[in-house]
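Peer 1: Quick one: the structure is below, and I'll ask about it shortly.
The values are calculated or read from the model by the stated rules, or taken from the named source; none is laboratory data. The structure displayed is predicted, hence computed values, not measured ones. Here Cβ is always computed from backbone atoms with ideal geometry, including for glycine, and neighbour counts include all displayed protein chains. What goes into the accessible areas is simple: the full protein's heavy atoms, side chains included, and nothing from ligands, DNA or RNA. Shrake-Rupley method; radii C 1.70, N 1.55, O 1.52, S 1.80 Å.
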Amino acid sequence: MRRASGRAVLGCRGAPDLREVSSLQGAVGRGYYRGTHGVIVVYDVTSAESFVNVKRWLHEINQNCDDVCRILVGNKNDDPERKVVETEDAYKFAGQMGIQLFETSAKENVNVEEMFNCITELVLRAKKDNLAKQQQQQQNDVVKLTKNSKRKKRCC
């Protein structure tokens, strides 16, 4: 059976890791998401049911990931006759959730590379920002010792 929708989890421990969390598998544990930096939530534009599941998937991601980049992808956007999830509705939902939307066709290779470039840029930007925050925090935590030129008199 070919899966048309689900969640892809992008981890970056060493080499990039892309795992699929299918809608057929149900909820997965927090441990599965450990080390996740980016999530691609994919629904099938020809299935209203898969689009309805997106909200639940995003909730699960929020519950299991501390800080993660997310994008929403409407796949199978190559057959206008079968399309049931309207682009306008998907953009409105993505805006409410604060994530970017891509409508793609894996079959015709439309918008696929742009989508992967986007999630990669989001993850790299977030990692860079987190590193800068850590460095700033380390600088704030440093105690500076300076040699005082004035000597205090000793007692006794």
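Peer 1: Sort through I71, I40 and tell me the only one that's closer than 24 Å to K128 by Cβ, crowded, with 19+ Cβ neighbours inside 10 Å, modelled with pLDDT of 95 or more and not polar (S, T, N, Q).
Peer 2: Just one listed residue meets the conditions, I71.
Peer 1: Okay, next question. List the pairs whose first member sits in region 72-85 and is touching a residue at least 24 places away in the same chain (Cβ under 8 Å) and under 14 Å from E114 (Cβ atoms), whose second member is in a loop (DSSP other than H, G, I, E, B) and open to solvent by 60 Å² or more (accessible area, probe 1.4 Å), and whose Cβ atoms are under 8 Å apart, counting only residues at least 6 apart or on separate chains?
Peer 2: N75/A106
Peer 1: Checking the conditions here, which among N130, N148 is out of contact with any strand residue (DSSP E or B) (no Cβ under 7 Å at 6 or more places or on another chain), open to solvent by 100 Å² or more (accessible area, probe 1.4 Å) and at pLDDT below 95?
Peer 2: Checking each option against the conditions leaves just N148.
Peer 1: Here's a follow-up. Inspect all residues belonging to region 99-106 and state whether any of them is open to solvent by 30 Å² or more (accessible area, probe 1.4 Å) and closer than 18 Å to S50 by Cα.
Peer 2: There is at least one residue in region 99-106 that is open to solvent by 30 Å² or more (accessible area, probe 1.4 Å) and closer than 18 Å to S50 by Cα.
Peer 1: Determine, yes or no, whether V85 is among the aliphatic types (A, V, I, L, M) and at pLDDT 95 or above.
Peer 2: yes
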